[in-house]
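Take this structure, written in structure tokens, and hold onto it; I'll ask about it next.
The values are calculated or read from the model by the stated rules, or taken from the named source; none is laboratory data. Note that this is a predicted model, so its numbers are computed, not measured. Cβ: placed from backbone, ideal geometry, glycine included. Neighbour counts: every protein chain shown.
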Amino acid sequence: MIEARFFRKGALGVLAAVTIMLMSLFPAQMTAATTSSRLAGNDRISTATAIADAFGAADTVILAAADNANLVDSLAVAPLAGKVSPIYLTSKNSLDATVKAKITGKNVFVIGAISDAVFAQVQQVAYSATRLSGPNRLATNDAINARLSNVAGTFVVGYNAIADALSVASYAAANNYAIVLANPDGSVDSRKLLGSKIYLVGGPALVKNISGATRLSGADRFATNAAVINSLNFNFETVYLANGLSLVDALAGSPLAAKTASPIIITDNNTVNQTFNSKLPDGGKVVALGGTGAVSNTILNRITAQGPQNPQGPQITDYVLTNNTGIEFDQYSKTLVIGETAYIKSITVTTDGEKSEVTDTDDFSVKSDNSGIVSVDSDTGYLTAQSPGTARITITYGSISKQFNLTVVNGERELTKIQFKDFDTDKVITSLKTIIPDSLVKASVIRIEGLDQYGDRMPSESLDCRSTNDNIMSLDTSIVPSDGRVVVTGNDTGIAFISVYDSNNIKRGSLTVTVSDNSNIASMSFGIYRPARDEDCEKLIYNTKQSDFSADATIDILADKYVAFRVSQYNDEGDYLGADTTGTIEIRESSSDVVRLTDNGEGVFILEGLKVGTATFIFKDDESGRTYTQKITVIKQGTGIKSVSFKSLTSPSYPRTFNYKSVLNYTETSNDPIITGITLYSPSSYSIRLQTYDGRLYLDKDGDGSYSYDDTELGYLEISTSGDFSDYAGVNVEDGIRVTNGDSGTVYFKIKSPDDKVIQTTYVMVDL
């Protein structure tokens, strides 16, 4: 049982506490650096395995030949892998032992020149094995593309142009495009061109012109890679760097890059095209594929050291596409089935490395470049899939915009994969270790998620979850809602499996569960808990979403007004035993009613900010006597003004007028002037304007140049004086104040918040 007590402290009181210092979500004057990592092994086979491990769990995998002479056989394999299957490599004449273990029990597509002996070994260990090959590279290419369905478009690449194929591989995998190999003379059979959009990759010497097709090419493979990345729509939050000469690591990396719609940049290990730096956002990640012999640390460090070259301007860096045809779900893919509807639920705007989520759909607009494929309702903003093809969707927020391709296909969504996730973190798990519950240890909670052929979530009500041994482990399947929540209870030590069946009683996936009785608490950790999904937030506080919960110890009444804490318990093997629900809570506040405490009954404690001030959260575990302390700061700023860059002022030597033009950077318009040099806590691309007759500063959200109900008030400019002045400074900041001979004193220019608190002041001394 939790006991909660509240204490107040005086203005000069000091609370001795052990404080966990957490980085502010939006640190002042700080931008996040570009970071790097590496996925590599001792050779190309182990490197591909490392990349596949980073990809995560998958029921279907691709096996291709690692030999240089046979790379061309695997040119078109990326679209087949898509975003749901990793690529493993092995010698064409022998099956690598580690790879053999990895593909055991999987559905395996064996590509191209893999020998019959190796294929026979695969058949022995795989759940199913399918060979895709032909007597030559063109036939192998055809065999691979024959397995694709609902293809949105085609990339045509040269007969020997492996590098060009790999430049488009991640985009093709992410957007359901085929990769077609041209004949040696550059021609291509028109019957192989699938989908509504055709790209020719490389120059006309490699691929002959095709009417209506778009060519992406450069002077060499590296310039073509740059042309591809500059022309297609990629997500640059994470980019992958591979050797453009050996190429094999890029082949294995394409499905991993496809999961996040990321590009693969190729390098000769001496230079990288510098245009990529301008696309890297603050806080972006660069992942090297292969060892230092493929991508040197020098090249990797050069990119991360330079980082983004133009990070100052606001950009739409992310968006959430939500399918609302039936049960609403956030899409992973950019694919709709004919008749489906979707909408942009939110966008993320990044300015100088600071991210702000915009959830009011009235604040941004959505347009389609082809209403025959995807139409947009002008009232609701709903996107409707009308006919097969690809439409270019544009999201506009103020003066900035972002585009992405939305592909429409025929056919119903079908369950193709099951994945298991940790319920708290929403991260994919490949096994589960759970502890037999007791008075302190809770049962484990996981999420079971079905994915369709496009990689999108499917409703989980039709899934049947079964334990292979109820004596060891039982499941509470009566509470499986649309979010896939399942409670796993260990009953006896041992190993059992969770098997998931579809509505046709076909087994679709399984998870190994190890049950232990080691419930002795060896360690505890205290920290902020933030729900992984919006729907999880509803279980804590009604009608909330993730953006309502702070990721740090500062909460904003006008933004992330909640912060949640949890004390996690672990045994001596590092296994999570659940949250501590037996303890005493004290809340010490700087004044009354700064925060309000809510306990969800499962060890998550939520504080809601009520008014500006500070509070200290103290949790004392009744069993161990351990005490955990966290100071919380409550602010009230929302989209408010953070700072102002005033113009410099000098004391006048002659009579003159001081008004808003004297101190603020402005641009005259036919309506209210646009003000620059003001930094907001929550970045926005809307113009800041000044209503001159009363000094009101506001975000012009409706774009009409004057203040109205739909705009956001930021504060106001106040001009005041102290001393002896013949004129009076009124509220009209365009009239301002006229100083003349005989005046002596100080003229103040104050930027105030809407609730009349001073944000920043400048002044000028007058003695005429």
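Give the stretch 576-589 a look and list any residue that's surrounded by 16 or more Cβ atoms within 10 Å (Cβ to Cβ), modelled with pLDDT of 85 or more and of a type outside the set (A, V, I, L, M), or say none.
Those that are surrounded by 16 or more Cβ atoms within 10 Å (Cβ to Cβ), modelled with pLDDT of 85 or more and of a type outside the set (A, V, I, L, M): E586, R588, E589.
Scan the stretch 504-520 and give yes if some residue there is modelled with pLDDT of 85 or more, of a type outside the set (A, V, I, L, M) and under 22 Å from the mean Cα position of the chain (by Cα), otherwise no. If you could, list the steps in order and put the result at the bottom.
The initial filter retains those residues of the stretch 504-520 that are modelled with pLDDT of 85 or more, namely 504-520.
Still in the running and of a type outside the set (A, V, I, L, M): 504-505, 507-510, 512, 514, 516-520.
Filter again for under 22 Å from the mean Cα position of the chain (by Cα), leaving none.
No, because not a single residue in the stretch 504-520 is modelled with pLDDT of 85 or more, of a type outside the set (A, V, I, L, M) and under 22 Å from the mean Cα position of the chain (by Cα).
If we keep just the residues of the stretch 16-42 that are surrounded by 15 or more Cβ atoms within 10 Å (Cβ to Cβ) and modelled with pLDDT of 50 or more, which is farthest from T98 (Cα to Cα)?
My answer is T34.
Sticking with this structure for a sec: Kindly indicate which of L148, L166, L138 is on the phi < 0 side of the Ramachandran plot and not in a helix (DSSP H, G or I). Spell out the reasoning first.
Values: L166 fails: not in a helix (DSSP H, G or I); L138 fails: not in a helix (DSSP H, G or I).
Only one candidate passes the filter, namely L148.
Moving on to the next point. Name every residue in the stretch 582-627 that is among the charged types (D, E, K, R) and either over 35 Å from the mean Cα position of the chain (by Cα) or part of a loop (DSSP other than H, G, I, E, B) (or both), in order of residue number. So that I can check it myself, show each step before the final result.
Going through the stretch 582-627, the residues among the charged types (D, E, K, R) turn out to be 586, 588-589, 593, 596, 599, 602, 608, 611, 620-623, 626.
Passing the criteria: E586, R588, E589, D593, E602, K611, K620, D621, D622, E623, R626.
Among the residues that make up the stretch 497-504, is at least one of them assigned to a loop (DSSP other than H, G, I, E, B), within 30 Å of P683 (Cβ to Cβ) and in contact (Cβ under 8 Å) with a residue 40 or more places away in the chain? Reasoning before the result, please.
Keep residues of the stretch 497-504 that are assigned to a loop (DSSP other than H, G, I, E, B), which gives 502-504.
From what is left, the residues that are within 30 Å of P683 (Cβ to Cβ) are none.
No: the stretch 497-504 contains no residue that is assigned to a loop (DSSP other than H, G, I, E, B), within 30 Å of P683 (Cβ to Cβ) and in contact (Cβ under 8 Å) with a residue 40 or more places away in the chain.
Across the stretch 131-184, which residue is surrounded by the fewest Cβ atoms within 10 Å (Cβ to Cβ) among those that are hydroxyl-bearing (S, T, Y) and under 31 Å from the mean Cα position of the chain (by Cα)?
Of the stretch 131-184, the ones hydroxyl-bearing (S, T, Y) are 133, 140, 149, 154, 159, 167, 170-171, 177.
With under 31 Å from the mean Cα position of the chain (by Cα) added as a condition, the list becomes 149, 154, 167, 170-171, 177.
Values: S149: 12, T154: 25, S167: 32, S170: 29, Y171: 28, Y177: 28.
The selected residue is S149.
Follow-up. Just name the residue that is surrounded by the most Cβ atoms within 10 Å (Cβ to Cβ) out of those in the stretch 205-227 that are within 12 Å of S167 (Cβ to Cβ) and small (G, A, S).
Taking the candidates together, the pick is A226.
Checking S547 against (1) out of contact with any Lys or Arg (no Cβ under 6 Å at 6 or more places or on another chain); (2) among the polar types (S, T, N, Q); (3) surrounded by fewer than 22 Cβ atoms within 10 Å (Cβ to Cβ); (4) modelled with pLDDT of 85 or more: exactly one of these is not met. Which one?
Failed condition: (4).
Which of the strands (runs of 3 or more DSSP E) contained wholly in the stretch 722-768 include at least 3 residues that are under 30 Å from I557 (Cβ atoms)? Reasoning before the result, please.
Working: elements: 737-739, 744-752, 758-767.
Passing ranges, in order: 744-752, 758-767.
If I ask for residues that are closer than 25 Å to P531 by Cβ and part of a strand (DSSP E or B), which ones from the stretch 628-646 would you list?
Just the residues of the stretch 628-646 that are closer than 25 Å to P531 by Cβ, to begin with: 628-639.
Scanning the stretch 628-646 gives Y628, T629, Q630, K631, I632, T633, V634, I635.
What is the residue count in the stretch 182-209 for residues that are farther than 22 Å from N243 by Cβ, of a type in the set (A, V, I, L, M) and not in a loop (DSSP other than H, G, I, E, B)?
Final tally of qualifying residues: 2.
For the stretch 559-575, what are the residues that are part of a loop (DSSP other than H, G, I, E, B), without any contact (Cβ under 8 Å) to a residue 60 or more places away in the chain and either surrounded by fewer than 18 Cβ atoms within 10 Å (Cβ to Cβ) or not charged (D, E, K, R) (or both)? Quick ask: steps written out before the conclusion?
Going through the stretch 559-575, the residues part of a loop (DSSP other than H, G, I, E, B) turn out to be 559-561, 571-575.
Right, trim to without any contact (Cβ under 8 Å) to a residue 60 or more places away in the chain and you get 561, 572-574.
Residues satisfying the conditions are D572, E573, G574.
So, one more: Could you list all residues from the stretch 627-639 that are modelled with pLDDT under 85 and either of a type outside the set (S, T, N, Q) or over 11 Å from G715 (Cβ atoms) (or both)? Working first, answer last.
The initial filter retains those residues of the stretch 627-639 that are modelled with pLDDT under 85, namely 636-639.
Hits for the stretch 627-639 are K636, G638.
Going through the stretch 185-200 one residue at a time, which ones are more than 25 Å from V409 (Cα to Cα) and either crowded, with 16+ Cβ neighbours inside 10 Å or touching a helix residue (DSSP H, G or I) at 6+ places or on another chain (Cβ under 9 Å) (or both)?
Start the filter on the stretch 185-200 by keeping residues that are more than 25 Å from V409 (Cα to Cα), which leaves 185-187.
Passing the criteria: only G186.
Would you be able to say whether some residue in the stretch 664-672 is assigned to a loop (DSSP other than H, G, I, E, B), touching a strand residue (DSSP E or B) at 6+ places or on another chain (Cβ under 7 Å), at pLDDT 90 or above and of a type in the set (F, W, Y)? Even if it seems obvious, please write down each step before you answer.
First, pick out the residues of the stretch 664-672 that are assigned to a loop (DSSP other than H, G, I, E, B): 664, 668-672.
This time we only want the ones that are touching a strand residue (DSSP E or B) at 6+ places or on another chain (Cβ under 7 Å), so: 664, 672.
Right, trim to at pLDDT 90 or above and you get 664, 672.
After this cut, where a residue has to be of a type in the set (F, W, Y) as well, the list is none.
No.
Now for a separate question. Considering only the stretch 604-629, how many residues are under 14 Å from T584 (Cβ atoms) and not polar (S, T, N, Q)?
Final tally of qualifying residues: 11.
So which residues in the stretch 440-473 are among the polar types (S, T, N, Q) and assigned to a loop (DSSP other than H, G, I, E, B)?
From the stretch 440-473, those among the polar types (S, T, N, Q) are 444, 453, 460, 462, 467-469, 471; that's our starting set.
Listed by number, the residues that qualify are Q453, S460, S462, T468, N469, N471.
How about the stretch 651-667: which of its residues are farther than 17 Å from S720 by Cα and out of contact with any helix residue (DSSP H, G or I) (no Cβ under 9 Å at 6 or more places or on another chain)?
So in the stretch 651-667, the residues farther than 17 Å from S720 by Cα come out as 653-655, 665-667.
Of everything in the stretch 651-667, those that are farther than 17 Å from S720 by Cα and out of contact with any helix residue (DSSP H, G or I) (no Cβ under 9 Å at 6 or more places or on another chain) turn out to be S653, Y654, P655, N665, T667.
Please verify whether the stretch 493-501 includes one or more residues that are surrounded by fewer than 18 Cβ atoms within 10 Å (Cβ to Cβ) and among the aromatic types (F, W, Y). Spell out the reasoning first.
Let us first name the residues in the stretch 493-501 that are surrounded by fewer than 18 Cβ atoms within 10 Å (Cβ to Cβ), namely 493-495, 497, 499, 501.
Retained after the next criterion (residues that are among the aromatic types (F, W, Y)): 497, 501.
Yes, that holds for at least one residue.
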